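Q: The following block contains the structure, expressed as C-alpha cells.
Please treat every number below as a calculation from the coordinates, not as lab data. What you see is a predicted model, and the numbers here were worked out from it, not measured in a lab. We place every Cβ from the backbone using ideal geometry, glycine too, and count neighbours over all the protein chains shown.
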Amino acid sequence: MLSGNSIHDRAELAMRQRAEDEGTGKFEFKAKDFETVLKAAFDARDAAALTALGLDAEKDAAKVPAVAKSLNNGRALFFGKARCNSCHVGDNFTDYQFHNLGVGVKDGQLPADTLGRFAILPTGHKNPELIGAFKTPTLRHLLGTAPYMHNGSERTLEEVVEFYDRGGNAHEFLDPKMRDYEAEKAYELNRLQKTPYQGPEVKLFGKDQRPIVPLKLNLTPQEKHDLVLFLRALQGDPADPIVADRHKMP
C-alpha cells in the first residue's frame, strides 16, 4: 500500500516552489512552508490531514502559525538532535535494515523468544549482531499502525518518543546506533587506569563485562511535543477501504 500527500509532503513541495521563486537555490525548510500548506488545508476543509495533527477544520485556523513553527522544529529534531534519520531515511523513512533497540528487554535480558532476524538465518550464516534485530518500519501512515514496536509494547507515539529519549533498553546486543560510545570509551579508560568513572549509568554484559550505555537524547517536553507532531504530519491521504478495512474483503 502506498501512502502520500501528507502535510510534510505538501510542505516539501511548497518549500521547493518558494526556493525557486526566490531564486536562492536553497532548498531548506522554514516554518512558513508548513504555514502555507496548513492554510491551504483549512481553506479546503481537509479534515483528514488536519485531524491527524489534532486540529479542527472549523475552529483552529488561528493556530496555524504556532503549529507550523512546531512542525518545522519537529522536523529539525527528526533530522538532528533526536537522530531519527539514523534509521528512518528516504521517501519511505526506513533504511530497510535490522536493528535491536532493546524492545522487550527486562533487567538486561532479551526474552528467549525474541531472537528477531537472527532466528531465521540459516545455519552457517548466523550473525550474532542480528540477535533480537527487527526490520526498520516505514513511518508513513503511523496513525493507522498503533500500537508500535514489533511487539506492540508502546501504545502511542508519545511513548515511542519516550522510549528513544532514554536510549532504548540496555542489554548485550543493543544496536550500535542506540549506544553512547563516548561514555563507553570513558568507562573502559577509567577501568584500565583504575580511576573513578563519572558519566551516564553503565551496564556490564557478557564474560568480558563489556560496558553498554544507551544514548539518551535528553529532549525537553516541548521538543518531544514537536517531534510527535512532525510524526503525525507523515500521515498521508486516507487509504482506500478496500485495503484499509479488513471487513471489505472476504
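Q: So which GluC sites (Glu not before Pro) in region 176-209 pass both tests, a DSSP loop state and at most 14 other Cβ atoms within 10 Å of the Cβ?
A: E201
Q: Select from F79, F27, F134 the residue whose mean-square fluctuation is largest in a Gaussian network model of the chain (Cα-Cα springs shorter than 10 Å).
A: F27
Q: I need the per residue convex hull volume for region 155-250, using only the alpha carbons, in cubic angstrom as a whole number.
A: On the way: hull volume 13.5 nm³, N = 96.
Taking the convex hull of the Cα positions in region 155-250, it is 141 Å³ per residue.
Q: Turning to a different aspect of this structure: Looking at this model, which pairs from K63/K224; K30/K135; K69/K177; K126/K216; K106/K207; K69/K185 are more than 27 angstrom apart at the alpha-carbon? Display every interim value, and only then the final one.
A: Details: K63/K224 19 Å; K30/K135 32 Å; K69/K177 29 Å; K126/K216 30 Å; K106/K207 19 Å; K69/K185 38 Å.
Correct reply: K30/K135; K69/K177; K126/K216; K69/K185.
Q: Once the other residues with Cβ under 10 Å from the Cβ of E172 are scored (Lys, Arg +1; Asp, Glu -1), what is the net sum? Spell out each step's value before the answer.
A: On the way: positive: K203, R210; negative: none.
With Lys, Arg at +1 and Asp, Glu at -1, the net is +2.
Q: Taking Cα centroids, how far is region 149-179 from region 1-35 in Å?
A: Cα centroid of region 149-179 versus Cα centroid of region 1-35: 30 Å apart.
Q: Counting each pair of different Cα atoms once, what's the Kirkwood radius of region 98-212 in Å, rounded to one decimal?
A: Numbers: mean 1/r = 0.0637 Å⁻¹.
So the Kirkwood estimate lands at 15.7 Å.
Q: Send over the per residue convex hull volume for the chain, Cα only, as a whole number of Å³.
A: Details: hull volume 45.4 nm³, N = 250.
Spelled out: Cα convex hull of the chain, divided by residues, is 181 Å³.
Q: Counting other Cβ atoms within 10 Å, keep those with at most 13, restrict to DSSP loop, and tell me which trypsin sites (Lys or Arg not before Pro) in region 217-247 are left.
A: Details: sites: K224, R232, R246; in loops: R246.
Sites meeting the loop and neighbour criteria: R246.
Q: Taking the chain as a Gaussian network, Cα atoms linked when under 10 Å apart, which of E129, E35, E58 shows the biggest mean-square fluctuation?
A: E58
Q: Using a Gaussian network model of the chain whose springs link C-alpha atoms within less than 10 Å, name the residue from F34, F205, F78 with the highest mean-square fluctuation.
A: F205
Q: Quick one: work out Rg over Rh on the C-alpha atoms of region 16-98, Rh as Kirkwood radius.
A: Values: Rg = 14.9 Å, Rh = 14.4 Å.
We get a ratio of 1.03 for region 16-98.
Q: Are there DSSP H segments in the chain that both extend 20 Å or more along their axis (alpha-carbon positions) and score a mean Kyte-Doolittle hydropathy of at least -0.5? List them, or say none.
A: 64-78
Q: Next question. Highest mean first, how do 1-8, 189-196 rank when packing is the count of other Cβ atoms within 10 Å averaged over residues?
A: 1-8, 189-196
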